[in-house]
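The values are calculated or read from the model by the stated rules, or taken from the named source; none is laboratory data. The structure displayed is predicted, hence computed values, not measured ones. In this analysis, Cβ positions are derived from the backbone assuming ideal geometry, glycine residues included, and neighbour counts consider all displayed protein chains.
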Amino acid sequence: MQERIKQIDFLGLVLWIFRTAIIVSMLWGTIATLMDNPYSARAWTDTIVAGIAQGSLYALIAIGYTLVYGVLFMINFAHGEFFMSGIMTATIFIAQPMSASGYLDRHPVIGITVIAVVTMLVSVGIANLTERIAYRPLRGAPRLVPLITAIGASFFWQYFFQGLYGSEVKAFPQIEVIVGKVNIAGIEILKSQVIVIIVTILMLAGLYFFVVKTKTGKSIRAAAENKDVARLMGIDVDRAITLTFTLGASMAGIAGVLYALVFRQIHFFMGFFPGIKAFTAAVLGGIGSIPGAALGGLFLGIFESVGPGLFLEGLGVPSPHQLKDVIAFTMLVLVLIFRPQGILGEALAEEKA
Amino acid sequence: MSKRLLAIFAMLLVASMVLAACGGGAAPAEEAPMEEAPAEEAPAEEAPAEEAPAMFECTDEIGCVTYYADEPIRIASALVVSGPNTDLGMDSQRGVELAMEFKGDVLGHAVELQAEDDGCSAEGGQAAGQKIVSDPTIIGIIGTSCSGAGVPMSKIMSDAGYVMVSPSNTSPALTDADSAWNPGYYRTAHNDKVQGKAMAEFAIDVLGVTSAAAIHDGDPYTEGLARVFADNFEALGGTIVEFTAVNKGDTDMRPVLTAVAAAGPPELIYYPVFTAEGGFLTKQAKEVAGLEETILSAADGMISPAAVEAVGEAGEGMYFSGPDLGFENELYTTFLEKHTEVYGIDPTSVFHSHAFDAANMILGCVEEVGVVDGEDLHVGRQAMRDCLDATSGFDGITGTLTCNEYGDCADPQITVSQLTAGEYEPIWP
C-alpha cells in the first residue's frame with residue numbers, strides 16, 4: 001500500500017515536471033519570438049487564416065470519427081479513405097473532363113455542385129460498403145477486432161484506388177472564379193479559404209441541427225446511448241448505424257471537395273495523414289462530441305500553422321516547420337493531461353471508456 | 001501414455017530434420033558462409049556432403065553463391081513500389097526487368113528477380129535489407145530508390161557480404177567514407193554534390209540572383225541536395241536567407257512559405273523535394289504575399305509527367321536541375337521501343353536508364369567472375385565487389401561508367417531545364 005502511494009507520487013511528479021516544461025518552453029519561445037518579431041502583422045494573419053482553413057478540413061473529417069465512435073465505440077481508421085475515394089473519383093470522371101471542355105469556368109457553381117454531389121455519393125457508397133462487409137459481421141466481437149479490421153480496410157481502399165487510378169499525383173483543375181483574394185475587414189484572404197471556412201460552418205451547423213433536432217437524429221443518439229434499449233423502443237439500430245456512416249462519409253466527401261479547391265492536388269495516399277490528424281482532433285475535442293470534433297479540428301489546425309513560428313522560432317530551433325506535428329501532438333498530450341476526456345468531452349461511463 | 005507420445009513426437013522431429021537435410025542438398029547453398037550470417041550454416045554444412053562430387057572449392061573471402069543445374073541466378077531489387085513515390089520506383093523496376101530481358105541467360109542460367117519495396121524510408125530500407133540478406137541465393141541488389149532507405153540498407157547488405165547498385169540514390173552521404181558509405185555499395189545515379197553545385201552556378205551566373213532560400217523535406221536526398229546548393233550558392237557570393245524544411249505528407253505549405261517571405265523575400269527558392277510536396281509548394285508559393293515574383297526551382301525528384309500535372313499553371317517557367325536525359329545512343333532508342341512494347345507506356349520518371357545500367361553491371365560481373373563447374377555455377381561475393389570496383393569504361397545508356405573507390409560510378413551530366421507549356425526544355429549548359 002505504501003509503495004503504491006509512493007509510485008503515484010512519483011508519477012504525479014513526472015507529469016507535473018512535464019507539464020511545466022512544456023508550458024515554460026512555450027511561453028519562453030513565444031516571448032523570444034515576439035521580442036525578435038520576425039513577422040509582419042500581415043504574415044501573422046495569413047498564417048492564422050491558413051490554420052483556420054486547414055483546421056476546418058480536420059473538423060469535417062473528425063466528425064466521421066466522432067460519430068462512429070459515439071455509436072459503435074470503434075475507431076474507424078478507414079475514414080481517411082472515405083475522404084480520398086470520393087474526391088479522387090469525382091476529379092477523374094467529373095472535374096477534369098469538365099475543366100477540359102471549359103464548362104467548369106463558365107458555370108462554376110453548377111460544376112462544383114455536381115462535383116460535390118458525386119464526391120459525397122462515392123464516399124458514402126464506400127463507407128457503407130465497408131460497414132456492411134467489414135464491420136457489421138464483427139458487431140459483437142471484442143473492441144480490438146473491428147479496430148484492426150478498420151486498419152486493414154484502410155490499406156485495402158488505398159491500394160484499391162491506386163490500382164484503379166494510378167499512383168501519380170493528379171491535379172484538380174483551377175477554377176478561374178476562385179483564384180485570387182478578397183478583402184474582408186481589411187484582411188486579404190484567398191477566396192478558396194473563404195469558401196472552406198463558410199462551407200464548414202454551414203455543414204457543421206446543419207449536422208448539429210440534424211442530429212439534435214430531427215427524429216432520425218434522435219434515433220442515432222438513442223443508438224449511441226444504449227443499443228439494447230433503443231432496439232426495445234422500436235428503433236432500427238442497424239439503420240441508425242448505416243445513417244451514422246452516411247453522415248460521417250458525407251462530411252468527409254465535402255472535406256474532400258474543399259481540400260481539392262484549396263490544394264488543387266490529389267493522390268491515392270492523401271487520406272492517410274488528414275485521417276490521422278482528424279482522429280487526433282476528435283480525441284482532442286472529446287471523442288463522441290460533435291462540437292468537440294469541430295473545436296478540436298480548429299485548435300489543431302491553428303496550432304500547427306502558428307505554432308512553429310510562434311513557439312519554436314524564438315527558441316532558435318532550425319527548420320521549425322518540420323516540427324509542426326510535434327507541436328500538434330504535444331498540444332494533444334498537454335490537453336489530455338489536464339482534461340483526459342478532451343476539451344468538450346463528457347467524462348465517459350465505464351462502459352464507453 | 002504421455003511418454004509414448006513424447007517418443008513419437010521426438011521421432012517425427014528427427015525424421016523431419018533428416019528430410020530437411022536431404023532437401024538442403026537441392027536448394028542452392030552457400031559453401032562458405034560468412035560470419036555475419038550464422039543462420040545459413042546449417043544447410044551449407046550438409047549440402048557438400050550430399051553432393052559429394054563437388055570439385056569446386058570456394059576461395060572467396062566472404063563466400064560463394066552456388067547455383068546448381070537449372071537453378072536461376074537470383075538478383076533482388078529494393079525500389080519504392082508503394083506509397084506516394086511509386087512512380088519513381090516502378091520506373092526503375094521496369095528498367096531492371098528490361099535489362100534482364102535484353103540479357104537473357106547468363107552462363108547458361110536464367111535470371112530471376114526478387115522484387116522488394118524500399119518504402120522510400122529508413123524503416124522500409126531496413127525491412128527490405130533484412131529480408132534480402134536472409135536469402136543466401138541472392139547475388140546482387142538493385143536499389144534503393146530513395147537515399148533515405150539506402151542508408152540503413154547499405155549497412156545491412158555490406159555486413160552480409162552482398163553488393164548493391166543504386167539507380168537513384170543521389171545523396172552525397174552514401175559515397176562518403178566518413179558518413180554512410182559501406183563496402184559493396186555502388187550507384188549509377190549522379191552524386192548530388194554535382195547537381196547542387198550546378199544549380200548554384202546556374203542561379204548566380206545565368207539567372208543573376210543574389211539571394212535564395214532552400215527547402216527540403218528531411219529526407220537525406222532532399223536535405224543533402226539543398227545543403228550542397230546552399231553551400232555553393234554562398235561560396236559563389238550569394239546569400240541564403242532561409243534554409244528550412246517541411247515534412248513528407250504536408251499539404252499546407254503557407255506557414256513555411258510565409259516564414260521564407262518574412263526572412264527575405266529571396267529572389268529564388270530551391271526545393272529539391274518530391275512531386276506531392278513540390279506541387280503544394282509551387283502552387284502555394286504563388287499565393288503567399290511577397291513571393292509572387294520569386295523564381296521557383298526544384299530538382300530531379302520532380303521531373304516526371306506527374307510533377308508537370310501537380311505543379312499545373314503555377315509551375316510554368318519554373319527551373320529544374322537533373323541528370324541530362326538526352327541520351328543519344330542506339331541502346332536508349334531500343335530501350336524505349338521495348339519499354340513501350342512491354343508496358344504500353346512511356347517511362348514515368350527519370351531513373352529507368354540508370355536502373356537498366358545497374359542491372360547490367362551486376363549481371364555483367366556475374367558473367368565475368370562466375371565459375372562454371374559442369375552444370376553448376378559458383379559466384380564469389382568478394383569477386384563481385386572486386387569486379388564492380390574495377391568497372392571502367394562500361395558502356396551504358398547513361399554514358400560511360402567508371403566506378404571510383406567509394407562506388408560513384410555515374411557519368412554525371414547535369415542539366416537545368418525550364419518548364420515551358422508542360423515540357424521540360426533543357427536550357428543550360
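Please specify each residue of segment B:267-303 satisfying the condition of being touching a residue at least 60 places away in the same chain (Cβ under 8 Å) and facing chain A (nearest Cβ under 8 Å).
Scanning segment B:267-303 gives B:Thr275, B:Ala276.
For segment A:310-320, indicate whether the set of residues that are closer than 30 Å to B:Ala306 by Cα and within 14 Å of chain B (Cβ to nearest Cβ) is non-empty.
yes
Mind listing whichever residues of segment B:199-217 are within 11 Å of another protein chain (Cβ to nearest Cβ) and in contact with a helix residue (DSSP H, G or I) (Cβ under 6 Å, 6 or more places away or on another chain)?
B:Ala214, B:His216, B:Asp217
Do we find that B:Asp373 is of a type in the set (D, E, K, R), without any contact (Cβ under 8 Å) to a residue 60 or more places away in the chain and surrounded by fewer than 19 Cβ atoms within 10 Å (Cβ to Cβ) in this structure?
No, not satisfied.
Need the failing condition index for A:Gly342 against (1) at pLDDT 90 or above; (2) away from chain B (no Cβ under 14 Å), just the number.
(1)
Go through (1) aromatic (Phe, Trp, Tyr); (2) at pLDDT below 90; (3) assigned to a loop (DSSP other than H, G, I, E, B) and name the single condition A:Phe77 misses.
Here A:Phe77 meets the rest and fails (2).
Return the residue satisfying two criteria in turn: it lies in segment A:246-263 and is within 10 Å of chain B (Cβ to nearest Cβ) and surrounded by 24 or more Cβ atoms within 10 Å (Cβ to Cβ), and of such residues it is modelled with the lowest pLDDT.
Selected residue: A:Val262.
Does B:Phe351 satisfy being buried (at least 24 other Cβ atoms within 10 Å of the Cβ) and more than 18 Å from B:Phe394 (Cα to Cα)?
No.
Which one is nearest to B:Lys286 (Cα to Cα) among residues in segment A:170-198 that are free of Cβ contacts under 8 Å to residues at least 60 places away in the same chain and assigned to a helix (DSSP H, G or I)?
So the residue we want is A:Lys191.
Anything in segment A:37-52 that is more than 8 Å from every other protein chain (Cβ to nearest Cβ) and among the small types (Gly, Ala, Ser)? List them, or say none.
A:Ala41
Residues B:Gly161, B:Gly124, B:Gly89, B:Gly129: which one is crowded, with 19+ Cβ neighbours inside 10 Å, under 11 Å from the mean Cα position of the chain (by Cα) and not in a strand (DSSP E or B)?
Just one listed residue meets the conditions, B:Gly89.
Can you pull out every residue in segment B:304-315 that is touching a strand residue (DSSP E or B) at 6+ places or on another chain (Cβ under 6 Å) and more than 8 Å from chain A (Cβ to nearest Cβ)?
Scanning segment B:304-315 gives a single hit, B:Gly315.
Would you check if B:Val246 is touching a residue at least 12 places away in the same chain (Cβ under 8 Å), over 16 Å from the mean Cα position of the chain (by Cα) and within 26 Å of B:Ile397 (Cβ to Cβ)?
Considered against the rule, which asks whether it is touching a residue at least 12 places away in the same chain (Cβ under 8 Å), over 16 Å from the mean Cα position of the chain (by Cα) and within 26 Å of B:Ile397 (Cβ to Cβ), B:Val246 comes out as no.
Please state which of the following conditions B:Tyr319 fails to meet, knowing it meets all the rest: (1) under 21 Å from the mean Cα position of the chain (by Cα); (2) surrounded by 15 or more Cβ atoms within 10 Å (Cβ to Cβ).
Failed condition: (1).
Restricting segment B:395-423 to residues that are among the hydroxyl-bearing types (Ser, Thr, Tyr) and surrounded by fewer than 16 Cβ atoms within 10 Å (Cβ to Cβ), which is nearest to B:Glu328 (Cα to Cα)?
By that ranking, first place goes to B:Thr400.
Which condition from (1) crowded, with 20+ Cβ neighbours inside 10 Å; (2) more than 7 Å from chain A (Cβ to nearest Cβ); (3) not acidic (Asp, Glu) is the one that B:Leu236 breaks?
Evaluating B:Leu236 over (1) crowded, with 20+ Cβ neighbours inside 10 Å; (2) more than 7 Å from chain A (Cβ to nearest Cβ); (3) not acidic (Asp, Glu) leaves (1) as the failure.
Scan segment A:133-161 for residues that are at the interface with another protein chain (Cβ under 10 Å from one of its Cβ atoms) and touching a helix residue (DSSP H, G or I) at 6+ places or on another chain (Cβ under 7 Å) and report the count.
Of the residues in that region, 1 qualify.
Among (1) within 14 Å of another protein chain (Cβ to nearest Cβ); (2) more than 19 Å from A:Ala50 (Cα to Cα); (3) surrounded by 15 or more Cβ atoms within 10 Å (Cβ to Cβ), where does A:Leu207 come up short?
In the conditions (1) within 14 Å of another protein chain (Cβ to nearest Cβ); (2) more than 19 Å from A:Ala50 (Cα to Cα); (3) surrounded by 15 or more Cβ atoms within 10 Å (Cβ to Cβ), A:Leu207 misses (1) alone.
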